[in-house]
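Working notes for the structure below.
The values are calculated or read from the model by the stated rules, or taken from the named source; none is laboratory data. These numbers were taken from a predicted model, which means no experiment stands behind them. Because the Cβ atoms are built from the backbone with ideal geometry, glycine has one as well, and the counts that use them run over all protein chains shown.
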Number of protein chains: 2
Amino acid sequence: MKEQFYTYIQELQDRITSKLQEIDGVAEFREDLWERPEGGGGRTRVIENGKVFEKGGVNISAVHGPLPKSMQAYFGVGEVDFFACGLSLVLHPVNPMVPTVHANWRYFEMYDKEGSIVDQWFGGGQDLTPYYLFEKDARHFHQVCKAACDRHDPEFYGEYKARCDGYFWNTHRNEARGVGGLFFDYLRKIEGRNMQDWYDFVTDVGNSFLDAYVPIVLERKDLKYSREERDWQEIRRGRYVEFNLVHDKGTLFGLRTNGRIESILMSLPPKVQWRYDYHPKPGSREEALLNVLKKPVEWV
Amino acid sequence: MKEQFYTYIQELQDRITSKLQEIDGVAEFREDLWERPEGGGGRTRVIENGKVFEKGGVNISAVHGPLPKSMQAYFGVGEVDFFACGLSLVLHPVNPMVPTVHANWRYFEMYDKEGSIVDQWFGGGQDLTPYYLFEKDARHFHQVCKAACDRHDPEFYGEYKARCDGYFWNTHRNEARGVGGLFFDYLRKIEGRNMQDWYDFVTDVGNSFLDAYVPIVLERKDLKYSREERDWQEIRRGRYVEFNLVHDKGTLFGLRTNGRIESILMSLPPKVQWRYDYHPKPGSREEALLNVLKKPVEWV
């Protein structure tokens, strides 16, 4: 399974970066191969200063070895060996009318002393963070997520959509990071569903990513915007930074386990503003976004 | 003691904001009074878009009531009442040749059920974060810190300077936030030193703040700088954000105990950049700064 899934994310990284580069038309992804001293490594691909994408990364990694101490406590296990691989992406567009997007699909294995698998699971998801709300875009994104889920179980979309809303919540601001999407974790072998079934589900979701995001980019990337709208985007990007550095388990986990810092923090936006006690004008489009972020919306 | 120290920080806030406003010459501090639902409140003063100070806050607060659950665990005590007051300041200058500065001086009391004080202590410090290194400035800042310490104990400067270097360390980058200063905490009654002695020490340090920082501002505020130097300042400000959101105990404590968010996050810089895997040119002034941040320097 680990080879099957690692082959899949390599191929998916190629597919995604090649499509995004085609859309951008100006900037190209820069590739950095890196090795983890304790075992494994990754292939980081970053795009910067594009016509459409101001900054973005589409990274894969496959790491293995003894499970770090901090993860033993996190998972409630002793000294075991592990393998983990996944694809992580974040895209920060230039145009404030185009939403930021994040996605991650990952697979994890733990072994006993004889090297037999004692636990294995999939996790992941994707979520959309608009600066200006186009309800049509949020509906489209969720519809594609739901269609991928529905091909596997009619219960999945409702469950994983709700988990996404719960996870991407800036508790200290009491607001959502964006309009959500899917979030799932610990997808293990259960009665009636084996690891291959979960593989089929997770890869179906991964395959749907470009369908979920690209039409939104194409429809919004050439819209006109003002300096004030760009300021609003940079202020909202500050909330993205706050979520990633204060709350995001993946980021904090990476920072505390000696991960490759530049690959982890590629998720941070290129230009960000913090203003003291900033509130948009009543009745403005900026305020309309904030109202939608106050509580989760059923988009489909 | 609590009234004595709260009176002191009110007066110190007036003195500091009035001096900074005079130096800026354009922007004025905006004052926000706020109340904490569980008891107490604060007086936040923020300056933005000045000629010298792009963003800064000089805040005081005095809060009391039952010690929040998360703090009980942190201090290893049960259900007790507490009182805490302090002054916190962060200044982000426009000109990249002027360093950012942070300071905090605070006093804490805990009570038994009869309302008698069972524990009390002072804490605080100040540190300097340059974007371009002028060794003269770092030496001056430390000399003023040392003089204030030396008036009370010849051991203090060495001890509190080392603690500052240890605290303001971005572990995930393996570099210092800046060139340090002083950091002290849990200054309790001990043999030969009562709370009034600690009060005298902490207020002496507080009184020295303007002497430590203002001459640096006056000497550097009118230096010419380029767009590239300003970019470097914004990139380095990203490290400041990373420290405050990932490592700073005061910030995380505030975010997790329902503090006033805008007063806590006034410390975040106004404009910030994150570039992927950015390294300054070999031999440049930017690289010279990084070299100094690799390990603590004895400035005096």
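For the reader, a short list of remarks on this structure follows.
- Only one of B:Asp248, B:Asp231 that is among the acidic types (Asp, Glu) and modelled with pLDDT under 95: B:Asp248
- Among the residues making up segment B:23-42, a single one is under 24 Å from B:Tyr107 (Cα atoms) and crowded, with 20+ Cβ neighbours inside 10 Å: B:Gly42.
- Test: B:Asn59 is touching a strand residue (DSSP E or B) at 6+ places or on another chain (Cβ under 6 Å) and either at pLDDT 95 or above or of a type in the set (Gly, Ala, Ser) (or both): yes
- Residue in segment A:193-201 that is surrounded by fewer than 22 Cβ atoms within 10 Å (Cβ to Cβ) and within 25 Å of B:Ile261 (Cα to Cα) present: no
So that you can scan it fast, the table gives a plain yes or no per residue for (1) over 19 Å from B:Gly57 (Cβ atoms); (2) out of contact with any Ser or Thr (no Cβ under 9 Å at 6 or more places or on another chain); (3) of a type in the set (Phe, Trp, Tyr):
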residue: B:Tyr240; (1), (2), (3): no, no, yes
residue: B:Lys249; (1), (2), (3): no, yes, no
residue: B:Ile261; (1), (2), (3): no, yes, no
residue: B:Pro269; (1), (2), (3): no, no, no
residue: B:Gln273; (1), (2), (3): yes, yes, no
residue: B:Asn291; (1), (2), (3): yes, yes, no
residue: B:Val297; (1), (2), (3): yes, yes, no
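- Exactly one residue out of A:Met97, A:Met71 is of a type outside the set (S, T, N, Q), assigned to a helix (DSSP H, G or I), away from every other protein chain (no Cβ under 14 Å) and crowded, with 17+ Cβ neighbours inside 10 Å, and it is A:Met71.
- Condition met for A:Tyr186 (surrounded by fewer than 15 Cβ atoms within 10 Å (Cβ to Cβ) and in contact with a strand residue (DSSP E or B) (Cβ under 8 Å, 6 or more places away or on another chain)): yes
- In segment B:253-280, the qualifying residues are those that are more than 7 Å from every other protein chain (Cβ to nearest Cβ) and within 16 Å of B:Gly86 (Cβ to Cβ), and the one that is modelled with the highest pLDDT is B:Ser267.
- Residues (in a strand (DSSP E or B) and free of Cβ contacts under 8 Å to residues at least 12 places away in the same chain) located in segment B:117-159: B:Ile117
- Residue check, B:Glu286 within 30 Å of A:Ile47 (Cα to Cα), more than 14 Å from chain A (Cβ to nearest Cβ) and modelled with pLDDT of 95 or more: yes
- Residue satisfying condition, being under 18 Å from A:Val214 (Cα atoms) and either assigned to a strand (DSSP E or B) or modelled with pLDDT of 95 or more (or both), within set A:Thr17, A:Thr44, A:Thr7: A:Thr17
- Among residues of segment A:136-169, those that are touching a Lys or Arg at 6+ places or on another chain (Cβ under 6 Å) and closer than 30 Å to B:Thr251 by Cα, counted: 1
- So A:Glu286, is it surrounded by 14 or more Cβ atoms within 10 Å (Cβ to Cβ) and over 16 Å from the mean Cα position of the chain (by Cα): yes
- Assessment of segment A:2-22 against the conditions (within 13 Å of chain B (Cβ to nearest Cβ), in contact with a helix residue (DSSP H, G or I) (Cβ under 7 Å, 6 or more places away or on another chain) and surrounded by fewer than 22 Cβ atoms within 10 Å (Cβ to Cβ)) yields no matching residue.
- Restricting attention to segment B:172-194, the residues that are within 14 Å of chain A (Cβ to nearest Cβ) and among the hydrophobic types (A, V, I, L, M, F, W, C) total 0.
- Some residue of segment B:227-240 being among the hydroxyl-bearing types (Ser, Thr, Tyr), out of contact with any Lys or Arg (no Cβ under 6 Å at 6 or more places or on another chain) and within 14 Å of chain A (Cβ to nearest Cβ): yes
- Search result, residues across segment A:47-68 that are within 13 Å of another protein chain (Cβ to nearest Cβ) and either closer than 19 Å to A:Asn95 by Cβ or surrounded by fewer than 20 Cβ atoms within 10 Å (Cβ to Cβ) (or both): A:Ile47, A:Glu48, A:Asn49, A:Gly50, A:Phe53, A:Glu54, A:Lys55, A:Gly56, A:Gly57
- Only listed residue being among the charged types (D, E, K, R) and either surrounded by 21 or more Cβ atoms within 10 Å (Cβ to Cβ) or at pLDDT 95 or above (or both), chosen from B:Glu79, B:Glu109, B:Glu114: B:Glu109
- Those residues of segment A:79-94 which are more than 14 Å from A:Thr129 (Cβ to Cβ) and not charged (D, E, K, R), in sequence order: A:Val80, A:Phe82, A:Phe83, A:Ala84, A:Cys85, A:Gly86, A:Leu87, A:Ser88, A:Val94
Conditions (1) under 18 Å from the mean Cα position of the chain (by Cα); (2) touching a residue at least 40 places away in the same chain (Cβ under 8 Å), marked per residue:
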| position | (1), (2) |
| --- | --- |
| A:Ile9 | yes, yes |
| A:Thr17 | yes, yes |
| A:Leu20 | yes, yes |
| A:Val63 | no, no |
| A:Pro68 | no, yes |
| A:Ala73 | no, no |
| A:Val90 | yes, yes |
